[in-house]
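The values are calculated or read from the model by the stated rules, or taken from the named source; none is laboratory data. Owing to the predicted nature of the structure, the values given are computational and were not obtained by experimental measurement. Here the Cβ positions follow ideal geometry from the backbone for every residue, glycine too, while neighbour counts run over all protein chains shown.
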Amino acid sequence: MRFDASRTVKELATEIPDATRVFEHFGIDYCCGGGKSLREACITAKVSETQILDLLQVNGQKASASESQWAAAPLAELTRHIRERHHQYVRDSIPRLRSLVAKIREKHGHRHHELANIEEMFAEVAREMLMHMQKEEQILFPFIDSLERAVNGNASIEPPFFHTVKNPIFSMMKEHDQAGELVRRIREESGGYKAPSDACASYQGAYQGLQEFEEDLHLHIHLENNILFPRAVQLEAASR
């Protein structure tokens, strides 16, 4: 394995166990911006590339038992993992977080005007994600699963109405960018999820929940943009 700052963030995130946790901790975009070199990403995040490379090297010496397993797993297992782990997390988290954010906005909004913006942006990302996941579950993921079965000789496949898997993938990646930008703005409005000195337990819980939501979204998008989608495109090419 080559530890080199000229390599892309998504390559390192895919190959190195727990690399995504290092990137998350230092604010390095490994999902929507995963196509950048690690050097570029470190400059953007204002962190030392040497420090990041040292941490990645330590993680790279571990047994590969983390998210990096998905680079070789059957795609049907990966789509199921995304549905059961990340899609379900989003569906479970949205009602709780919307209620919490509304509660703290009502109680603290007269002093902390940013809460109204946070509530509005989280409502928008919630709407977008629920529609986005539905399209993946009803159209894209079933096609990828059937494509894999066909390539393995276990089924035939009808030509899809969208002609090539690249078309829905392009749409999903655009929606990932939109969701990623919304949670970035929520983080910015909240001062990096730092609750103010007069924050109650609900305020602190809301910010903690929003931070966890963003972290899960980053990993969710990474699995799709950097692993599932490229492998699906390769599989479709092989089937032809």
Which numbered condition trips up residue 116, out of (1) exposed (fewer than 15 other Cβ atoms within 10 Å of the Cβ); (2) part of a helix (DSSP H, G or I); (3) within 20 Å of the chain's Cα centre (by Cα)? (3)
Output the qualifying pairs, or none if there are none: Cβ atoms under 8 angstrom, residues six or more apart or on different chains, first residue in segment 10-31 and in contact (Cβ under 8 Å) with a residue 12 or more places away in the chain and part of a helix (DSSP H, G or I), second residue charged (D, E, K, R) and surrounded by fewer than 18 Cβ atoms within 10 Å (Cβ to Cβ). 24/215
Starting from residues that are free of Cβ contacts under 8 Å to residues at least 24 places away in the same chain and in a helix (DSSP H, G or I), keep the ones in segment 185-202 and report whichever is surrounded by the most Cβ atoms within 10 Å (Cβ to Cβ). 188
Would a scan of segment 222-233 turn up a residue that is more than 20 Å from residue 134 (Cα to Cα) and acidic (Asp, Glu)? no
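Can we say residue 37 is at pLDDT 90 or above, over 17 Å from the mean Cα position of the chain (by Cα) and of a type in the set (S, T, N, Q)?
Details: at pLDDT 90 or above: yes; over 17 Å from the mean Cα position of the chain (by Cα): yes; of a type in the set (S, T, N, Q): yes.
For residue 37, the condition - at pLDDT 90 or above, over 17 Å from the mean Cα position of the chain (by Cα) and of a type in the set (S, T, N, Q) - is met.
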Any idea which of 14, 44, 20 is outside the structural domain of residue 191 (by TED's automatic domain parsing) and out of contact with any helix residue (DSSP H, G or I) (no Cβ under 6 Å at 6 or more places or on another chain)? 44
Of the residues in segment 47-69, those that are at pLDDT 90 or above and either assigned by TED's automatic domain parsing to the domain that holds residue 174 or outside any helix (DSSP H, G or I) (or both) number 2
